[in-house]
Amino acid sequence: MAAALPLTTVAQVPLQDDIQYNRPAGQQGINMFEPPIQDTTSYDGFAVKLGGAFTQQMQAITQSGPNIDNDAIGRGFNLATANLDLDVQMAEGIQLHVRTYLSSRHHNEAWVKGGYLQVDELSMFNSPAVDALMSNLSIRAGHFMPNYGDTHFRRSDNADAIQNPFVGNTVIDAFTTEVGAEATFQSNGFLAVGGFGGALHPTVMNPDSRAPSWHGKLGYDSQINDLVRFRLTGSVYYTAKSNDGQLHSGDRAGGRYYNVVEGGDWSGRARVNFGSETTAFMINPFVKIGGLELFGTIESISGEAPNLSDGSATQYAGEAIYRFANDDLFVGARYNTMTADLDLSAYNEPANWVTETSIDRWQVSAGWFMTENILVKAEYVTQSYNDYPTGTPQEGAEFDGLMLEGVVSF
């Protein structure tokens, strides 16, 4: 067995406030999408950055429906969630990121969510040609969320909720972690991403029932003048066959609205999982004019599954955020609607798949950055379920109420 490092050696590993090509964890990371392709953080050798996030909610939501206990939930506190982030400057322009969920709704024990190596410079080659190429290129490999769409930059990732101006994510939440690699090219505002991946749960078993996933993104992002910023991206994701197909059901942290309507760890969401072939497209416009931010989502999903040859889902979301008082305060609103074919076999639905169910949701929020790394926000949410089969919990159901959330992220 290899000998452990002496304590004096461990203590000499330098800790840093930040590492190169890294999205800031606090308020400075707001409205940052891909990590910066140009970086001003100096390289001072091998270093470690320890970070984390802690989030707590108070929930005051009521629900109603013919097939649920309307008095089953009331005002109370949800389980506090916590993340631990380890970022390591391995070499100049080469970074390692590992995130551990210390506590989450779906898993209240600590476990590693994923990690990846990010390469933005290859100075070891001492080649001007390689340096010129890498000045616009970033390469990522490991177990991570594919860069599909822009909603994953503005969502809550378990306790990491400081970039989300709301408490809940979108109804159909495009988030997963896959083993794979991707390359990002940025130049003069233009953006191109290409990559491949595998399943959420990697395996060597059943090779004939799975295939790689492929994803890509094209976009343009420009600070037109001191007042106006414009960004528009289009993304695609495709897999020919999969054991689990979890692009839209791969979040292992859980939903934010605890125990509403259908119950379970992802209550309040629609988990689209076609299991076999999946094709998804997402378009995201973003406009910032002074303190006003407008962000939209248009998503189309199609696929196949056992007992379903032509499944589909669509989602639309539009949000407006206004930031003021040096961006320390904000108010916002989001409308989100979706129509989807869903697997309702868990509710003893004989056909398993039910077509064209729909959900409508409104969220109205307000927030205060007490410091760069401490955020307090409040949200009023109302959600209704439509076109669900007779006897299911979602039939004619709705919920509404207030959420208070405190976030610490560093």
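Approximating the spin labels as points 7 Å out from Cα along Cα→Cβ, the Asp400-to-Phe281 distance works out to 3.5 nm.
A crude spin-label estimate for the pair Asp387 and Ser358, with each label 7 Å from Cα along the Cβ direction, gives 0.6 nm.
Per residue, the chain exposes an accessible area of 44 Å² to a 1.4 Å probe, with every protein chain left in place. Maximal additional length on extending the Met32-Val331 stretch stands at 105.7 nm, based on 0.36 nm per residue less the C-alpha distance.
If only the Cβ of Lys and Arg carry +1 and only the Cβ of Asp and Glu carry -1, the dipole of the chain around its Cα centre is close to 360 debye.
Since only Asn164, Pro35, Gly234 are under comparison, the one whose Cα sits farthest along the positive direction of the charge dipole of the chain, derived from C-beta charges on Lys, Arg, Asp and Glu, is Pro35. For segment 336-387 and segment 247-304, what is the separation of their Cα centres, given in Å? Cα centroid to Cα centroid, the span is 9 Å. With both labels modelled 7 Å from their Cα along Cα-to-Cβ, the Glu372 to Gln56 distance reads 2.5 nm.
For Cα pairs less than 8 Å apart in space and 6+ apart in sequence, what is the mean separation divided by the residue count of segment 24-179, i.e. the relative contact order in percent? List each step's numbers first, then the result.
Details: 268 pairs, mean separation 32.7, N = 156.
It comes to 21 percent, rounded to a whole number.
Using a 10 Å cut-off on Cβ atoms, rank the peptides 268-279, 292-303 from the highest mean neighbour count down. Spell out each step's value before the answer.
Numbers: 268-279: 21.7, 292-303: 18.9.
Most protected by this proxy first, the peptides run 268-279, 292-303.
Take the Cβ-Cβ distance between Asp208 and Val236 as r, set R0 to 25 Å, and report the resulting FRET efficiency rounded to the nearest 0.05. The formula returns an efficiency of 0.50 here. Calculate what fraction, in whole %, of the accessible area of the chain sits on carbon and sulfur atoms when a 1.4 Å probe is rolled over the protein chains. Ligands and nucleic acids excluded, carbon and sulfur give 59 percent. Test of understanding: what is the full-extension gain from Thr41 to Phe77, defined as 0.36 nm times their sequence separation minus their Cα-Cα distance? Separation in residues times 0.36 nm, less the Cα-Cα distance, equals 9.0 nm.
The values are calculated or read from the model by the stated rules, or taken from the named source; none is laboratory data. Just so we're clear, the structure is a prediction, and the values are computed from it rather than from any experiment. Heads up, the Cβs are rebuilt from the backbone with ideal geometry, glycines too, and the neighbour counts pull from every protein chain shown. Heavy atoms of the whole protein, side chains included, go into the accessibility calculation; ligands, DNA and RNA do not. Shrake-Rupley method; radii C 1.70, N 1.55, O 1.52, S 1.80 Å.
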